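Presented below is the structure to which this report refers.
The values are calculated or read from the model by the stated rules, or taken from the named source; none is laboratory data. Note that this is a predicted model, so its numbers are computed, not measured. FYI the Cβ positions are ideal-geometry reconstructions off the backbone, even for glycines, and counts take in every protein chain you see.
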């Protein structure tokens, strides 16, 4: 598995606009319809990436933990479903049934490009005003490094956001499988 690291994005960058369909309900969501009173966590994920499989349950726990405090969570899959059928909406639906948040499919890959998402997972935490607060990894665990998945770094960022504190100074890039772009 070739690892790709997410680039840095300046704090305060506005959330890109999008309109995508949920793979379970078919409902169309936008940042405005998804945002919680405290903000929104946007996670670019997919079904087959070992890095996502490694941290998916912890991401779900974090979403459930902070939802009562006004943080909403949404996942987006932007992989080419023709080349990677595991990431086609019917297969994504199977995975989404076990997640406490919507999973949207970005068939045109325009949303991933607007966010400058490059890997799965790629995590973006926005405040209530839709400004980027944190872009980074969930923690320092990865497949095969022997460290447990704790969600420590993402949890600390969310707690700082909820407490009205500044963004974490250290924001380590997410590392995962590169987004599977469509061939031109």
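Out of the residues in region 17-34 meeting the condition of being touching a helix residue (DSSP H, G or I) at 6+ places or on another chain (Cβ under 7 Å) and assigned to a loop (DSSP other than H, G, I, E, B), tell me which one is farthest from residue 81 (Cα to Cα). Explain how you work it out, then say what you get.
Going through region 17-34, the residues touching a helix residue (DSSP H, G or I) at 6+ places or on another chain (Cβ under 7 Å) turn out to be 17-18, 20, 23-24.
Now drop any that are not assigned to a loop (DSSP other than H, G, I, E, B), which leaves 17-18, 23-24.
On the way: 17: 23, 18: 19, 23: 13, 24: 16 Å.
Across region 17-34, the extreme among qualifying residues is 17.
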Practice task
Only residues that are crowded, with 23+ Cβ neighbours inside 10 Å and within 18 Å of residue 69 (Cα to Cα): list them for region 134-156, please.
Solution key: 134, 154
Handout entry: Breaking point among (1) without any contact (Cβ under 8 Å) to a residue 60 or more places away in the chain; (2) assigned to a loop (DSSP other than H, G, I, E, B); (3) under 15 Å from the mean Cα position of the chain (by Cα); (4) surrounded by fewer than 21 Cβ atoms within 10 Å (Cβ to Cβ), for residue 63
Key = (2)
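With in contact with a helix residue (DSSP H, G or I) (Cβ under 7 Å, 6 or more places away or on another chain), part of a helix (DSSP H, G or I), in contact (Cβ under 8 Å) with a residue 12 or more places away in the chain and under 26 Å from residue 32 (Cα atoms) as the only criterion, which of 99, 162 stands out? Show your work before the answer.
Working: 99 fails: part of a helix (DSSP H, G or I).
Result: 162 is the single residue among 99, 162 that is in contact with a helix residue (DSSP H, G or I) (Cβ under 7 Å, 6 or more places away or on another chain), part of a helix (DSSP H, G or I), in contact (Cβ under 8 Å) with a residue 12 or more places away in the chain and under 26 Å from residue 32 (Cα atoms).
Looking at this structure, is residue 41 touching a strand residue (DSSP E or B) at 6+ places or on another chain (Cβ under 8 Å), under 21 Å from residue 16 (Cβ atoms) and part of a helix (DSSP H, G or I)? It would help to see each step written out before you state the result.
Values: touching a strand residue (DSSP E or B) at 6+ places or on another chain (Cβ under 8 Å): yes; under 21 Å from residue 16 (Cβ atoms): yes; part of a helix (DSSP H, G or I): no.
When the stated conditions are applied, residue 41 does not pass them.
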Handout entry: Considering residues of region 168-184 that are crowded, with 19+ Cβ neighbours inside 10 Å and touching a strand residue (DSSP E or B) at 6+ places or on another chain (Cβ under 7 Å) only, the residue nearest to residue 110 (Cα to Cα)
Key = 179
Problem - Answer residue from region 41-55, given it is surrounded by fewer than 24 Cβ atoms within 10 Å (Cβ to Cβ) and either touching a helix residue (DSSP H, G or I) at 6+ places or on another chain (Cβ under 8 Å) or farther than 26 Å from residue 82 by Cβ (or both) and is modelled with the highest pLDDT among those - result: 47
